[in-house]
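Notes to accompany the following structure.
The values are calculated or read from the model by the stated rules, or taken from the named source; none is laboratory data. Keep in mind it's a predicted model, so treat the numbers as computed, not measured. Note that we place each Cβ from the backbone using ideal geometry, even for glycine, and neighbour counts take in every protein chain shown. Please note that ligands, DNA and RNA were not included when accessible areas were found on the heavy atoms of the full protein model with its side chains. Shrake-Rupley method; radii C 1.70, N 1.55, O 1.52, S 1.80 Å.
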Amino acid sequence: MASGQQWVLVEMVQAFYEAPAYHLILEGILILWIIRLLFSKTYKLQERSDLTEKEKEELIEEWQPEPLVPPVSKDHPSLNYDVVTGPPSHKIIVNGKECINFASFNFLGLLDNERVKKQALSSLKKYGVGTCGPRGFYGTFDVHLELEDRLAKFMRTEEAIIYSYGFATIASAVPAYSKRGDIVFVDEAACFSIQKGLQASRSFIKYFKHNDMEDLERLLKEQEVEDQKNPRKARVTRRFIVVEGLYINTGDVCPLPELVKLKYKYKVRIFLEESMSFGVLGDHGRGVTEHFGVNIDDIDLISANMENALASIGGFCCGRSFVIDHQRLSGQGYCFSASLPPMLAAAAIEGLNIMEEDPDIFTVLREKCNRVHRALQGIPGLKVIGEPLTPALHLQLETSTGSRDADTKTLRAVVEYCMDRGVALTQARYLDKEEKFLPPPTIRVVVTVEQSREEIDTAASLIREAALEILK
């Protein structure tokens, strides 16, 4: 027994001499570290304070906490409202003065439509004011299912899902599919709701220049090279392109046919936000897919709000059934918010009825958009931002003062000048510190089917007059 123990000891000593130097150094460091942990104190005594009670009280009285929020001037535009009395329809009463409405997104004039109001009132009497519960907790009404079915049929997709808040629609849809580790390619001009959805997804975001397909393809090629370096990771990484059909911040239409080509070339999915193009583009108002004649099945997910053309509240997503059903389990705005009030769902259904019965309404809207676009050309000091077919154009200063606040105040003076003379305009508003790519200050001019030629010419003439008076 003793001889066996000696033999083991001899082997240990021999192994010690034969071990590599780095191995011995590492083991030595570990042993020293263990000894240090065993004999070191686990806590440090706090040094005694020699301050008297009076000195402590004086320090406490002098201490001022950091402000909960940064200071904001009382003159900030967001704290000074233009108050509307009555419905914001074709004629709007703002701050007690009746104006022609060139500010509200009531593109098809459905907000004050008698048929829509009648259906909403009938639903109000039947169901009451709200729902007081999410869709999964007694918040699903028969009128919700009817609206989802109607939207799916109208958009010619397999299924649709509705949300009770337009902003939350795309902001909930994006993180329902794109997760940490996935890659999203996004246009720099993407609206704020898309940005918040991307933030919630915690995905890796790559921005491409606005409507620049060459820049997008450059990013896709770079990603393809990265994927070849690590094919195992690439197999489990999902890739998305997120764009708007008609950009609210620029008035530009996305080049959808080119996007679809890149989708199949680089094997990515396309999410299309159509809040500004739904009920506007296409012969029947189905949006940018109909406008370009693109097969809607080539788009993985379409979202839009019902707060513009449909003049209701909330939003919807549509696409293949398995894609939409996933949102019923993962869409935060769907799962946790009270469902859409039934009267607003009924109003949206009647709005769809009008859109289907009178497709000429979209031709009328396009003609008026073109007329407004032409009428606003050549105004001294202002340039028109947006394509002729967009119903929400922007007027931007040709030459900036160099100060965003000064530019904003100058444009506000133009808005007030017009409002005092019976034309209601609005300024585009942004959260300056939150926007990824902050757009320049602009005046937004909104076109609706209710505006007459005379009113359009009057508004354009008044804006020109204001520019000559204020920008001289």
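Odds and ends about this structure:
Condition check ((1) at pLDDT 95 or above; (2) among the hydrophobic types (A, V, I, L, M, F, W, C)) across all residues:
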| residue | (1), (2) |
| --- | --- |
| D215 | yes, no |
| V242 | yes, yes |
| L246 | yes, yes |
| P255 | yes, no |
| K267 | no, no |
| E273 | yes, no |
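- Cross-chain or 6+ apart pairs with Cβ under 6 Å, region 63-79 first and on the phi < 0 side of the Ramachandran plot, then open to solvent by 80 Å² or more (accessible area, probe 1.4 Å) and not basic (K, R): none
- Residue check, R429 open to solvent by 20 Å² or more (accessible area, probe 1.4 Å) and within 26 Å of the chain's Cα centre (by Cα): yes
- Scan of region 329-348 for residues that are more than 19 Å from the chain's Cα centre (by Cα) and within 19 Å of R269 (Cβ to Cβ), ordered by number: L329
- Strands (runs of 3 or more DSSP E) contained in region 249-333 and holding at least 1 residues more than 19 Å from L151 (Cα to Cα) and in contact with a Lys or Arg (Cβ under 7 Å, 6 or more places away or on another chain): 269-273
- Scanning region 273-298 for residues that are out of contact with any His (no Cβ under 7 Å at 6 or more places or on another chain), open to solvent by less than 10 Å² (accessible area, probe 1.4 Å) and over 23 Å from Y165 (Cα atoms) yields one hit, T289.
- Those strands (runs of 3 or more DSSP E) lying entirely in region 376-472 with at least 3 residues not β-branched (V, I, T): 392-397
- Criterion: within 24 Å of A345 (Cα to Cα) and open to solvent by 70 Å² or more (accessible area, probe 1.4 Å) - qualifying residue of L79, L59, L121, L108: L121
- The one condition from (1) buried (at least 20 other Cβ atoms within 10 Å of the Cβ); (2) out of contact with any Cys (no Cβ under 6 Å at 6 or more places or on another chain); (3) among the hydrophobic types (A, V, I, L, M, F, W, C) that A160 does not meet is (2).
One line per residue, one yes/no per condition, for (1) closer than 30 Å to L438 by Cα; (2) hydroxyl-bearing (S, T, Y); (3) in a helix (DSSP H, G or I); (4) open to solvent by less than 50 Å² (accessible area, probe 1.4 Å):
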site	(1), (2), (3), (4)
E146	no, no, yes, no
R150	no, no, yes, yes
A168	yes, no, yes, yes
K179	yes, no, no, no
L198	yes, no, yes, yes
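- Pairs linking a residue in region 88-105 that is in contact (Cβ under 8 Å) with a residue 40 or more places away in the chain and within 14 Å of E455 (Cβ to Cβ) to a residue that is open to solvent by 50 Å² or more (accessible area, probe 1.4 Å) and part of a loop (DSSP other than H, G, I, E, B), with Cβ atoms under 6 Å and 6 or more positions apart or on different chains, are S89/L111; S89/D112; H90/E450.
- In the set (1) closer than 23 Å to P341 by Cβ; (2) open to solvent by 60 Å² or more (accessible area, probe 1.4 Å); (3) not charged (D, E, K, R), the condition left unmet by V72 is number (1).
- Residues in region 152-163 that are part of a loop (DSSP other than H, G, I, E, B) and touching a Gly at 6+ places or on another chain (Cβ under 8 Å): T157, E158.
- Those residues of region 198-234 which are at negative phi and either hydroxyl-bearing (S, T, Y) or in contact with a Lys or Arg (Cβ under 6 Å, 6 or more places away or on another chain) (or both), in sequence order: S201, S203, Y207, D215, L219
- Test for A424: is it under 27 Å from H291 (Cα atoms), open to solvent by less than 70 Å² (accessible area, probe 1.4 Å) and touching a strand residue (DSSP E or B) at 6+ places or on another chain (Cβ under 9 Å): no
- Among the conditions (1) within 34 Å of the chain's Cα centre (by Cα); (2) farther than 30 Å from F102 by Cβ, T85 misses just one, which is (2).
- Tabulated pairs, region 460-472, first over 19 Å from C369 (Cβ atoms), second surrounded by 15 or more Cβ atoms within 10 Å (Cβ to Cβ) and of a type in the set (S, T, N, Q), C-beta under 8 angstrom, 6+ apart or interchain: I470/T410; L471/T410
- Members of region 226-248 that are among the charged types (D, E, K, R) and either under 14 Å from the mean Cα position of the chain (by Cα) or part of a loop (DSSP other than H, G, I, E, B) (or both): R238, E244
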